[in-house]
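Notes follow the structure.
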Amino acid sequence: MQPIRNILVTAFCTLLVFSAVVYSACNKNKCDNVICLNLGACDGGTCYCPTGFEGPRCATLSRDKFVATYNGGDTCGDNIGYTQYPIYLLSILYDSVELNMKNLLNNINDSAVCTMQATDSFTFIGANNSTTFTGSGRLSNDSLWLHYHIVHDTISYDCEYVGTSLVH
């Protein structure tokens, strides 16, 4: 009787160990071999990136696709017509979520600091002498879309700019 009991206990222990191995092999942590850069977080094997970064491992600066010269124009207010001019978006080297926008309102001295809000959009604020401007922008394919509010002395109006990237 003793040998049968030993065989049954051994078979039960073997089955228990086999079940534990199969169970742990089926429930692997999908993030074990995933490295998310730039403070990205892994969930279910996918990296979720902080604002300013994108890509499968959060290694790409979102702002870099915005850096270009855009040829387009704006319409402002009710009685102001269409004005064509370029806008320049430049990276700010020490900050991963900021850009510098130059030539707003077709004045090379008008610049704004842009802050990334998502992989395809930003907000901006700037001033030059008695003119201030605030707004938002987004990138769709190679087109830059800006919506902004201008205050010049005691006059204020809203503008929209649409431009296409010339150089990347």
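What follows is calculated from the coordinates using simple rules that are stated; it is not laboratory data. Not measured: the values here are computed from a predicted model. Please note: Cβ atoms are built from the backbone with ideal geometry, for glycine as well, and neighbour counts cover all protein chains shown.
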Exercise. What's the extension gain from Ala118 to Val67 if we count 0.36 nm per residue and subtract their Cα-Cα distance?
Worked result: 16.8 nm
Problem set entry | Modelled label reach - Ile35, point 7 Å along Cα→Cβ, the range 52-71 residues with backbone N closer than 18 Å | 54-61
Problem set entry | Separation in nanometres of the label points that stand 7 Å from Cα toward Cβ, at His147 and Gln84 | 2.6 nm
